[in-house]
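Report on one structure; see the data block that follows.
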Amino acid sequence: MAAVLLAVLLFGACAYRPVFAVYAYLLVLPFVAGIGRDTLVPGVRPNEALLVLLMAGACVGGYVRLLRGDAIPLRLKPIDAPLACFVLFSTVWPLALLMLRGSAPQRSDLAAVLPVLKLTALFLLVRLTVHTDQQRRRCIRLIVWPAGGLAAVAVLQTLGFGPVLTLLKALWQVDAGGASDRGSATLGSSIATGDYIIAGLALLLCCGTREMLGRRERIGLGLVLAAGVLASGQFSTWISAVVAAVLILRRFPQVRRRAARFLPLAGLAAVVGAPAFLGRMADFAQGYALPRSWLGRWDNLTSFYLPRLGDFHFVLGVSPNSVLPAPETWRNVIYLESGYLDFLWVGGIPLLAAFAWLSVTVLRETRRLGERPDALGACAATLEIAWWMVVVLSLIDIHLVVRGFGDLLFVLLAITSRRLADDRNTAEDPAVERSRTV
């Protein structure tokens, strides 16, 4: 009864003010996205069920406003065509190709294309509800503060804090045997946790260069997020940190001038996150030239995926689902841990070309808008950093749709694509003016 009542209240709040759907989803995203299917909601993950509920309420509210004559502006932006092309070749193309080859799509094939559809729906939700600079500022805080909470959980997990380990075992199926060298936290994946923390830290720094957040707020969150970068225990996260640092130092000269001031805080964060970092460095102490997990990935690629991509199967794609059943008894499935090969596996060269077109457009637009001194500029600069992370790290993983971070990426994409012209329109259009607080 309590769950039903909460659902009704959320539905009503989103119908009354559709932008509340975005606020609510961002607030709980890093804490519910890692909960498995059937754990709280039968058949789906809790964040998927929550997004459907929030979007349903927002759609009802939007329909009521449409009936009373309010304008719902739908303007094409430079990002729309490449994004639509990418979604088409990620979903419709592989399923259609599968049927043309005489095979009926299985449940696993349909489930494999759902993440892109979910992210597209989230993009449209944000695009249609977040209009003003004030709403963007709220979204920023609803990103950086939960990211700080996620980083704190990752740090406590790697330090072996008992209550946190017990809670993670209860809902997130995390081993509670003791301290871990990888902070999977509430996202249930150290890769996803690291990506989310880096994005939150980048957004915090981009806001700091614009004096948008309070000084104590920036210092406190920065310390926790920086410790979380090490606590994730992922080499891909540390590569992302280098990419983000290079871009920030290059884009913002004031950060280079003040870099020495951050050294004491960076040292304190390093001490807190050191256990996870030292645990991962043990691979090299044992004589491995590369991390052991990377050696396993290479073995999977050469043994199971590259042979099936041969004979020009990479041209059009192999299957919508890149997860293969494992022949061994010690594991059930094998994952394709290379983003660019995943594009070729799912949609072939058309999908890879669509991603390249989307990337060029996103990086060009964010580079131009990232110079703005407002919330839009902060979101654009952060999206540029996050997208470069995807471009670089897709060599080893499909980071574009990783849980939590993929949602955050498409939220920033939607916020950035609206531009500040929407704020001027709200002052000119009475129908939109009535929905400024919506």
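The values are calculated or read from the model by the stated rules, or taken from the named source; none is laboratory data. Since the structure is predicted, the reported quantities are computational estimates derived from the model, not experimental observations. Here the Cβ positions follow ideal geometry from the backbone for every residue, glycine too, while neighbour counts run over all protein chains shown.
Details
- Hits in region 299-313 - residues which are outside any helix (DSSP H, G or I) and either within 27 Å of the chain's Cα centre (by Cα) or acidic (Asp, Glu) (or both): Asp311
- Residue match in region 51-63 (condition: part of a helix (DSSP H, G or I), among the small types (Gly, Ala, Ser) and either closer than 22 Å to Gly188 by Cβ or under 18 Å from the mean Cα position of the chain (by Cα) (or both)): no
- Exactly one residue among Arg368, Arg331 is surrounded by fewer than 15 Cβ atoms within 10 Å (Cβ to Cβ) and either of a type in the set (S, T, N, Q) or part of a helix (DSSP H, G or I) (or both), and that residue is Arg368.
- Residue identified as out of contact with any Lys or Arg (no Cβ under 6 Å at 6 or more places or on another chain), surrounded by 12 or more Cβ atoms within 10 Å (Cβ to Cβ) and within 26 Å of Ala104 (Cα to Cα) among Ser359, Ser322, Ser293: Ser322
- Options Gly102, Gly160, Gly194; residue that is in contact with a Ser or Thr (Cβ under 6 Å, 6 or more places away or on another chain), without any contact (Cβ under 8 Å) to a residue 60 or more places away in the chain and small (Gly, Ala, Ser): Gly194
- Residue count for region 105-129, restricted to those that are touching a residue at least 24 places away in the same chain (Cβ under 8 Å) and within 29 Å of Thr416 (Cβ to Cβ): 17
- Scanning region 205-248 for residues that are of a type in the set (D, E, K, R) and either in contact (Cβ under 8 Å) with a residue 40 or more places away in the chain or touching a Cys at 6+ places or on another chain (Cβ under 9 Å) (or both) yields Arg210, Arg218.
- Only one entry in Leu230, Leu171 is closer than 23 Å to Val391 by Cα and hydrophobic (A, V, I, L, M, F, W, C), namely Leu230.
- Candidates in region 65-81 are the residues that are out of contact with any Ser or Thr (no Cβ under 7 Å at 6 or more places or on another chain) and assigned to a loop (DSSP other than H, G, I, E, B); of these, the one that is modelled with the lowest pLDDT is Pro73.
- Of Leu400, Leu409, Leu395, all but one fail to be hydrophobic (A, V, I, L, M, F, W, C), buried (at least 24 other Cβ atoms within 10 Å of the Cβ), within 24 Å of Leu301 (Cα to Cα) and out of contact with any His (no Cβ under 8 Å at 6 or more places or on another chain); the exception is Leu400.
- Scanning region 196-239 for residues that are at pLDDT below 90 and of a type in the set (Ser, Thr, Tyr), we see that the one that is nearest to Asp397 (Cα to Cα) is Ser236.
- Any chance Leu309 is modelled with pLDDT of 85 or more, in contact with a helix residue (DSSP H, G or I) (Cβ under 9 Å, 6 or more places away or on another chain) and over 10 Å from Trp345 (Cα atoms): no
- Filter result (out of contact with any Cys (no Cβ under 7 Å at 6 or more places or on another chain), in contact (Cβ under 8 Å) with a residue 60 or more places away in the chain and either surrounded by 22 or more Cβ atoms within 10 Å (Cβ to Cβ) or part of a helix (DSSP H, G or I) (or both)) within region 371-383: Ala375, Leu376, Gly377, Cys379
- Only one of Gln173, Gln135, Gln157 that is of a type in the set (S, T, N, Q), surrounded by fewer than 19 Cβ atoms within 10 Å (Cβ to Cβ) and farther than 30 Å from Gly347 by Cβ: Gln173
- Residue satisfying all of: in region 18-41; hydrophobic (A, V, I, L, M, F, W, C) and not in a helix (DSSP H, G or I); surrounded by the most Cβ atoms within 10 Å (Cβ to Cβ) among these: Ala33
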